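Readers should treat all values here as calculations from the given coordinates under stated rules, not as data from a laboratory. Model, not experiment: these values are computed from the prediction. When we count neighbours, we look across all protein chains shown, and the Cβ atoms used for this are built from the backbone with ideal geometry, even at glycine.
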Amino acid sequence: MYAKKAAFASAVVLAVSGLSVVPAGAAEVAPSEPKPQALYCTPGNRVVISKNTANTIDVKYRTSVTNSTGSKQNYKFTSKKGGTTTFGLSITVSAELKAGIFAKIGAEVNGSVSRSLTAEIGEEVSGTVKPRSTLKGDFGNWRENVSGWTAYMYSNCSYGTKKYFNAWAPYRTNWRVYY
């Protein structure tokens, strides 16, 4: 027990005096570079998508069919009107930042989003309608909806004032059929 305490006391004296003990046969290692005293971040604008909200359809054409009979009936909807849906943003930002937000939606949420998408006339959907019910059909472009924020990040990794946004981008033309 006494020998362990003496060895520990010797090691403490060497450590306090700045001397190092190198085991026999080992090479002395050069001290590593000093560690930074603070975090460093590359300054610039940052975009954060904080929530993927419910997707919506940008309706270009609506129709419905009513089945008044007691048995199933066939239906076929054909779009008579089309239109274009474009990428949108609820705040005003620079073109560079707008492109960054769009890129984040594509990279993090839905890789098939586009800046604009056109729903064409003549697209069809068909099936059966339940007895004594009305089937509705909406035709248009599905939009990926997100919310988030953008802010300038300083070199000390802190953020400036956050600007919150809602953004959407079209990703698919489709019928939505529902009762």
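Conditions (1) assigned to a strand (DSSP E or B); (2) surrounded by fewer than 13 Cβ atoms within 10 Å (Cβ to Cβ); (3) basic (Lys, Arg); (4) in contact with a Pro (Cβ under 9 Å, 6 or more places away or on another chain), marked per residue:
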residue	(1), (2), (3), (4)
50	yes, yes, no, no
54	yes, yes, no, no
58	yes, no, no, yes
64	yes, no, no, no
69	no, yes, no, yes
76	yes, yes, yes, no
85	yes, no, no, yes
91	no, no, no, no
97	no, no, no, no
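Okay, residues lined up against (1) under 16 Å from the mean Cα position of the chain (by Cα); (2) of a type in the set (Phe, Trp, Tyr); (3) surrounded by 16 or more Cβ atoms within 10 Å (Cβ to Cβ):
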{"site": "135", "(1), (2), (3)": "no, no, yes"}
{"site": "159", "(1), (2), (3)": "no, yes, no"}
{"site": "162", "(1), (2), (3)": "no, no, no"}
{"site": "165", "(1), (2), (3)": "yes, yes, yes"}
{"site": "168", "(1), (2), (3)": "yes, yes, yes"}
{"site": "171", "(1), (2), (3)": "yes, yes, yes"}
{"site": "175", "(1), (2), (3)": "no, yes, yes"}
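Could you tell me which residue of the range 70-103 is nearest to residue 128 (Cα to Cα), considering only residues that are among the hydroxyl-bearing types (Ser, Thr, Tyr) and touching an Asp or Glu at 6+ places or on another chain (Cβ under 7 Å)?
Applying the filter and picking the extreme gives 78.
Do we find a residue being within 23 Å of residue 149 (Cα to Cα) and either among the acidic types (Asp, Glu) or out of contact with any helix residue (DSSP H, G or I) (no Cβ under 7 Å at 6 or more places or on another chain) (or both) anywhere in the range 55-68?
yes
Would you mention how many residues in the range 36-48 are outside any strand (DSSP E or B) and touching a residue at least 40 places away in the same chain (Cβ under 8 Å)?
Residues flagged as outside any strand (DSSP E or B) and touching a residue at least 40 places away in the same chain (Cβ under 8 Å) within the range 36-48 amount to 6.
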